[in-house]
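Notes follow once the structure below has been shown.
The values are calculated or read from the model by the stated rules, or taken from the named source; none is laboratory data. Predicted model only: the values in this text are computed from it and were never measured. Virtual Cβ from ideal backbone geometry, glycine too; neighbours counted across all protein chains shown.
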C-alpha cells in the first residue's frame with residue numbers, strides 16, 4: 001500500500017532527487033560546438049586522406065609491378081656473364097678495300113684484383129661510385145643527386161649509375177637511352193649483387209670495361225696506352241685510364257690532350273677528397289708526367305695516326321662494337337705512303353725542324369692521307385688533329401675573304417706603312433714597308449700591316465663570322481686576329497680551305513665511309529650534308545686569284561707544280577716556332593705544319609720553305625695519281641678589269657724597253 005512514509009523514505013530526508021532521475025540538459029557554448037564540428041571534419045579528412053594515400057600507393061605499386069613485369073618479359077640472356085668471351089675483331093680498310101689494320105679478336109684477360117695496384121680500384125670507386133661497398137646494386141642517394149643536378153641544368157650533366165649498373169649495361173644491354181633499358185639495367189644490377197661478391201663485380205667490371213677504339217679490359221687498356229701490364233700502372237696512369245671511361249672519344253689524349261689532362265687531374269682530386277691519397281701523394285701524382293706509348297705494331301704502322309683517329313671516330317658514330325666489324329675508310333694507302341715519305345724527307349734536325357704533320361682532303365671533305373708526326377712508333381700523339389698552334393699568315397685568306405664579301409676587290413690600292421691599333425704596332429716579317437700596293441700583292445707577299453688594316457676596316461666580328469662560315473669556329477675578335485695569333489689545329493685550318501678548291505661548296509670532313517658487321521649488315525654509313533654553296537662564283541674567283549698569286553709570285557713559290565693550277569698560303573709565327581703551308585688544286589686540299597713539340601725555335605724555317613717543299617713533294621705524287629680529266633681541271637679565277645690589264649701590258653712593255661736600253 002502506498003503510504004506517505006514510504007514516499008518520504010524514497011525521496012530522502014531532504015527531498016533530494018533519486019540517482020536514477022536524469023539531469024536537466026546543460027547549455028552548450030559556441031566554442032565547444034566548434035571543437036566538435038572541427039573534430040568531425042578532421043577525422044573525416046584524415047580517414048579520406050589515408051584511404052586516398054592507400055589507394056594511390058597501391059596503384060603506384062601495381063603500376064611499378066606491371067612495369068617491371070613488362071620489362072622482365074624480354075630481359076637479355078645472362079649467359080655472356082659466365083661464358084668465355086673474345087674481344088670484337090676490327091678490320092680497317094682503305095677506300096680501295098686494302099687492309100690498313102686488324103685488331104681485337106682475342107680472349108678477354110681475366111682480372112685478379114689482388115694483383116692490381118690499389119690506386120686503380122681506389123680511383124675507380126672515388127670517381128664512379130663512392131658508395132660501391134654500401135649499396136645493393138643501385139644508389140638512391142646518387143640517383144637523387146643526379147636528378148637534382150640535371151633538373152637545375154636543364155639537361156643531363158650527371159649520371160647516377162653505379163659500377164654494378166655500368167657492368168650490367170656493358171655486358172647485357174645497348175647504349176640506347178630509354179626508360180625500359182634503364183629499368184632493365186636496375187634489375188640486372190640487383191641480380192648481379194645477389195649473384196656475385198663485390199670483389200667479383202669489380203674484377204668482372206675491369207675485365208670488360210671499354211677504353212675506346214675497340215680496346216676492352218684493363219689489361220688491354222694498359223697495353224694500349226702505356227705498353228705495360230696493369231699491375232705496373234702508376235697512380236697517375238691508373239687515374240688516366242679511369243678518367244677515360246666516362247667518354248673514351250672526348251678524353252682521348254691522341255685527339256684531346258688538354259681534356260685528357262684535365263680529366264686525369266679531376267680523378268686524382270676525387271681520390272684526394274675521398275682520402276685515398278694524402279697531400280704528398282696527391283702532389284706527386286699531379287706533377288709526374290704521364291707518357292702515352294704507341295700501340296702495338298701494325299701491318300701499316302705509318303697509318304697509325306689515321307687508324308687511331310678512325311677507331312675513336314667509330315666510338316662517336318657507333319659506340320662500343322659488340323661484334324666483329326669492318327670499317328671502310330676514305331684513306332688512300334698509296335697517298336698515305338707518299339705523305340709519310342714527304343714529311344720524313346722534309347724535316348731537318350740541322351734546322352731544328354724535328355716534327356711535322358700533314359692532312360689531305362678531297363673536295364667532299366674525305367681524308368685521303370694523314371700524318372700526325374715524324375714517327376708513329378716514337379710518338380702516337382696526332383699533331384694533325386690534337387696539336388693547336390698559331391697559324392700566322394695562313395689565316396689571312398679568311399681576312400681577305402671577309403673583305404671580298406664586304407665589297408672589296410683584289411685590285412684596290414692600300415698603303416703598307418706603320419700603323420697603330422690602340423697602342424699595338426704590328427710590323428712586317430721583313431721589318432720594311434713597301435708603300436702603295438694592291439690587295440692581291442699584299443696577300444701574295446704576306447704584308448701584315450695591310451691585313452690588319454683590312455680587318456679593322458671590315459670589322460673583326462665579320463672576320464670571325466667569315467672564318468666560322470668556312471669551318472673555323474670559336475675565334476675571338478682580338479686586334480691580332482688578322483695575323484693568326486689564335487690557336488687552331490692543322491686539321492681544322494686545312495678543312496676550312498676546302499670551299500676554295502671545290503667551287504665554293506660547304507664540306508664536312510670525315511674519315512669513315514661505312515661500317516659493316518661480320519655478316520655484312522650495314523651498321524653505319526657516312527651521310528653527306530645537302531650540297532650548299534657558301535661562296536659565290538664572283539667572290540671565289542677573286543679569292544683564288546689572290547691565293548694563286550701567293551704561289552706564282554709570292555711567298556709560296558716553292559709549292560709550284562708545273563702544269564697544275566696551285567693556290568695556297570704560307571704561315572710563320574714569331575721566332576720561327578711554327579711554319580705552315582695550306583694549299584690546293586681543284587678538289588684537292590693539303591695542309592702541312594712543321595715545328596717542335598717543346599715549342600722551341602727553328603732555324604729561320606718559314607712556311608715558304610720546308611712546309612711548302614713537303615707539300616709540293618706530296619701533291620706532285622697525288623696529282624699524278626688522278627684521272628686525266630681531274631689533272632686537267634682548273635681553278636675558277638677572276639680576270640682583272642680592262643684598265644688594269646692595259647696598265648699591266650704597259651708596265652711589261654716599259655720593263656722590256658728598260659732592259660733593251662744600254
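For every residue, the table says whether it meets (1) surrounded by fewer than 24 Cβ atoms within 10 Å (Cβ to Cβ); (2) closer than 14 Å to residue 107 by Cα.
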{"residue": "220", "(1), (2)": "yes, yes"}
{"residue": "227", "(1), (2)": "yes, no"}
{"residue": "237", "(1), (2)": "no, no"}
{"residue": "245", "(1), (2)": "yes, no"}
{"residue": "249", "(1), (2)": "yes, no"}
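When the residues of region 603-632 are narrowed to those that are surrounded by 15 or more Cβ atoms within 10 Å (Cβ to Cβ) and not in a helix (DSSP H, G or I), which ends up modelled with the lowest pLDDT?
Here the residue is 626.
Hey, among 402, 369, 374, which residue is crowded, with 17+ Cβ neighbours inside 10 Å, without any contact (Cβ under 8 Å) to a residue 40 or more places away in the chain and not assigned by TED's automatic domain parsing to the domain that holds residue 258?
374
Based on what the data block shows, is residue 260 in a helix (DSSP H, G or I), in contact with a helix residue (DSSP H, G or I) (Cβ under 9 Å, 6 or more places away or on another chain) and either surrounded by fewer than 16 Cβ atoms within 10 Å (Cβ to Cβ) or modelled with pLDDT under 95 (or both)?
yes
Of all residues in region 126-158, which are part of a loop (DSSP other than H, G, I, E, B), out of contact with any helix residue (DSSP H, G or I) (no Cβ under 6 Å at 6 or more places or on another chain) and modelled with pLDDT under 70?
154, 155
Among the residues of region 97-125, which ones are out of contact with any helix residue (DSSP H, G or I) (no Cβ under 7 Å at 6 or more places or on another chain) and closer than 22 Å to residue 312 by Cβ?
The answer is 99, 102, 103, 104, 105, 106.
Going through region 479-507 one residue at a time, which ones are crowded, with 24+ Cβ neighbours inside 10 Å and out of contact with any strand residue (DSSP E or B) (no Cβ under 9 Å at 6 or more places or on another chain)?
482, 483 - these are the residues of region 479-507 that are crowded, with 24+ Cβ neighbours inside 10 Å and out of contact with any strand residue (DSSP E or B) (no Cβ under 9 Å at 6 or more places or on another chain).
Just need a number here: residues in region 562-572 that are within 36 Å of the chain's Cα centre (by Cα) and not in a strand (DSSP E or B).
Residues flagged as within 36 Å of the chain's Cα centre (by Cα) and not in a strand (DSSP E or B) within region 562-572 amount to 2.
Could you grab me the full set of residues in region 191-215 that are surrounded by 16 or more Cβ atoms within 10 Å (Cβ to Cβ) and part of a helix (DSSP H, G or I)?
Listed by number, the residues that qualify are 191, 192, 193, 201, 202, 203, 204, 205, 206, 207, 208.
Residue by residue, here is whether (1) in a loop (DSSP other than H, G, I, E, B); (2) outside the structural domain of residue 290 (by TED's automatic domain parsing); (3) at pLDDT 85 or above; (4) under 17 Å from residue 127 (Cβ atoms) holds:
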site: 160; (1), (2), (3), (4): yes, no, no, yes
site: 164; (1), (2), (3), (4): no, no, yes, yes
site: 174; (1), (2), (3), (4): yes, no, no, no
site: 181; (1), (2), (3), (4): no, no, no, no
site: 188; (1), (2), (3), (4): no, no, no, no
site: 224; (1), (2), (3), (4): no, no, yes, no
site: 231; (1), (2), (3), (4): no, no, yes, no
site: 248; (1), (2), (3), (4): yes, no, yes, yes
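Residues are listed down the side, and each one gets a yes or a no for (1) assigned to a helix (DSSP H, G or I); (2) touching a helix residue (DSSP H, G or I) at 6+ places or on another chain (Cβ under 8 Å); (3) modelled with pLDDT of 95 or more; (4) at positive phi:
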residue: 464; (1), (2), (3), (4): yes, yes, yes, no
residue: 468; (1), (2), (3), (4): yes, no, yes, no
residue: 472; (1), (2), (3), (4): no, yes, yes, no
residue: 475; (1), (2), (3), (4): no, yes, yes, no
residue: 481; (1), (2), (3), (4): yes, yes, yes, no
residue: 491; (1), (2), (3), (4): yes, no, yes, no
residue: 500; (1), (2), (3), (4): yes, yes, yes, no
residue: 514; (1), (2), (3), (4): no, no, yes, no
residue: 527; (1), (2), (3), (4): no, no, no, no
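If you check residue 197 against the conditions, is it over 27 Å from the mean Cα position of the chain (by Cα) and within 26 Å of residue 110 (Cβ to Cβ)?
yes
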